[in-house]
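Visitor: First, the structure itself, so that you have it in front of you.
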Amino acid sequence: GDDDRIAERETQRIQVKPRDGYRYGYHLWLDRQTAIPLKVTLLDEDGYPLEQVMFTTFQLIPEENPAGRAMSPPSAASAESAESAKKVGKEIATAPWQINALPNGFELFSHIKETLPGSNQPVDHVVFSDGLVSVSAYMERMANRKGLNGLSRLGAFSAFGLHLDDYQVTVVGEVPPATVEFIGRAIVLGPEAQ
């Protein structure tokens, strides 16, 4: 894209166009010196802006470490991340839910069982990510209560809900409605949950 000035700094605009209907597009104005995004516009499926974030002032901090704190070496962080990923894989493998398919590029990222405020029922919370955005799916035994059924959208956020036996499945994320519906319809109960 074109050059521009944001927060009194020279920027280069980068256009990110999705290859499918499961992601939003972006316009990023990157600082020419640091490559830090000084302005980001999120675009819907038709290329219209959904939201925008922009710096109005920007100041670089000197490279020296004024607090004298030691920084963790990248290798330690990488090892911790790899160990965390192994643990997540085991948790998902023992979950009572199966995911039949995901949009290209999305993967299971995490799974936890938690109790949400105002409820005493445990909820399975699964997160999917393509490395840029994440989508959450919540599966909760609902008995006689009613939850979201169908699609809902508020700005950039989309939600999809459906009833599956005695469970409510709700999928939410800052993605197009097609993405949350695709993921919601791909979630099925495994044999141990039935």
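Visitor: Would you be able to say whether some residue in segment 171-192 is open to solvent by 20 Å² or more (accessible area, probe 1.4 Å), assigned to a helix (DSSP H, G or I) and farther than 17 Å from Pro103 by Cβ?
Guide: The answer is yes, given that some residue of segment 171-192 is open to solvent by 20 Å² or more (accessible area, probe 1.4 Å), assigned to a helix (DSSP H, G or I) and farther than 17 Å from Pro103 by Cβ.
Visitor: How many residues are more than 16 Å from the chain's Cα centre (by Cα) and among the polar types (S, T, N, Q) when one looks only at segment 153-194?
Guide: 2
Visitor: If I go through segment 2-46 residue by residue, how many of them are in a strand (DSSP E or B), in contact (Cβ under 8 Å) with a residue 60 or more places away in the chain and open to solvent by 80 Å² or more (accessible area, probe 1.4 Å)?
Guide: 0
Visitor: For segment 1-29, which residues satisfy the criterion of being of a type in the set (A, V, I, L, M, F, W, C) and within 11 Å of Phe55 (Cα to Cα)?
Guide: Listed by number, the residues that qualify are Ile6, Ala7, Trp29.
The values are calculated or read from the model by the stated rules, or taken from the named source; none is laboratory data. Remember, predicted model here, so these are calculated numbers, not experimental data. Counting neighbours? That spans all protein chains shown, and the Cβs are built from the backbone with ideal geometry, glycine included. We work out accessible area using only protein heavy atoms, side chains counted, and drop any ligands, DNA or RNA first. Shrake-Rupley method; radii C 1.70, N 1.55, O 1.52, S 1.80 Å.
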